[in-house]
Amino acid sequence: MRKLFPSVLAFLLALFGLLTLFLSTSIIFDLFDIRIREGQYVLFVVVANFISSLLYLLAAYGFFLKRKWTLHLLAASATVLCVAFFTLLVYIYAGGLYETKTIGALIFRILLTFGFTGSAYLLINKKITK
């Protein structure tokens, strides 16, 4: 079971990455009229999600192969999302238009990314250093 867990995480991370990639590109390129349904989306948050989706997919591959660089990719994704979150707070304070759900979704994505990052550390990097 312990050997299967990184593969399960890789699969979940790949699914999350593909979903994020689909949603972010649909908003950026206005595919399937998703942009209209999203309301007052904040473009730099969508771009941060797009960047993270690519990092998620690469990290899923790293999880599957149990590579040490998986941790670095996920840490980079967490950094991108945290920078986007703090930039969003400044944007909101400056009176920018946004959807309330953006804040919750970004916090959820950050926490999930930190969870995957911690898992990569415990399952891959810590095991390698032993």
Point to revise | segment 63-79 residues that are of a type outside the set (Val, Ile, Thr), paired with ones that are not in a helix (DSSP H, G or I) (beta carbon under 8 Å, 6 or more apart) | key: none
Check your understanding: On the given criteria, is Phe108 under 21 Å from Phe11 (Cβ atoms), in contact (Cβ under 8 Å) with a residue 24 or more places away in the chain and not aliphatic (A, V, I, L, M)?
Key -> no
Exercise for review: Taking only segment 35-46 into account, find how many residues are aliphatic (A, V, I, L, M) and in contact (Cβ under 8 Å) with a residue 60 or more places away in the chain.
Suggested key: 2
Revision key, fill the gap. Filtering segment 8-19 for residues that are without any contact (Cβ under 8 Å) to a residue 60 or more places away in the chain and surrounded by 13 or more Cβ atoms within 10 Å (Cβ to Cβ) leaves a count of 6
Revision key, fill the gap. How many residues of segment 80-114 are part of a helix (DSSP H, G or I), more than 19 Å from Leu21 (Cβ to Cβ) and not charged (D, E, K, R)? The answer is 17
Check your understanding: Quick check: is even one residue across segment 21-38 farther than 17 Å from Ala84 by Cα, part of a helix (DSSP H, G or I) and among the acidic types (Asp, Glu)?
Key -> yes
Practice item. Give the residue, chosen from Phe85, Phe22, that is over 14 Å from Phe116 (Cβ atoms), out of contact with any helix residue (DSSP H, G or I) (no Cβ under 6 Å at 6 or more places or on another chain) and among the aromatic types (Phe, Trp, Tyr). Key: Phe22
Review point. Filtering segment 1-60 down to residues that are aliphatic (A, V, I, L, M) and farther than 21 Å from Ile110 by Cβ, which residue is farthest from the chain's Cα centre (by Cα)?
Key: Met1
Check your understanding: Taking Phe32 and the conditions (1) free of Cβ contacts under 8 Å to residues at least 24 places away in the same chain; (2) in contact with a helix residue (DSSP H, G or I) (Cβ under 7 Å, 6 or more places away or on another chain); (3) surrounded by 16 or more Cβ atoms within 10 Å (Cβ to Cβ), which numbered condition does it fall short on, given that it satisfies the others?
Key -> (3)
Practice item. Just give me the residues in segment 1-20 being part of a helix (DSSP H, G or I) and within 14 Å of Phe64 (Cβ to Cβ), in sequence order. Key: Phe5, Pro6, Ser7, Val8, Leu9, Ala10, Phe11, Leu12, Leu13, Ala14, Leu15, Gly17
Check your understanding: Only one residue in Ala76, Ala120 is in a helix (DSSP H, G or I), crowded, with 19+ Cβ neighbours inside 10 Å and of a type outside the set (S, T, N, Q). Which one?
Key -> Ala120
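Throughout, read-outs are computed from the coordinates displayed, never taken from laboratory work. For clarity, every value in this text was computed on a predicted model and none was experimentally measured. For neighbour counting, all protein chains shown are included, and Cβ atoms are generated from backbone atoms with ideal geometry for every residue, glycine included.
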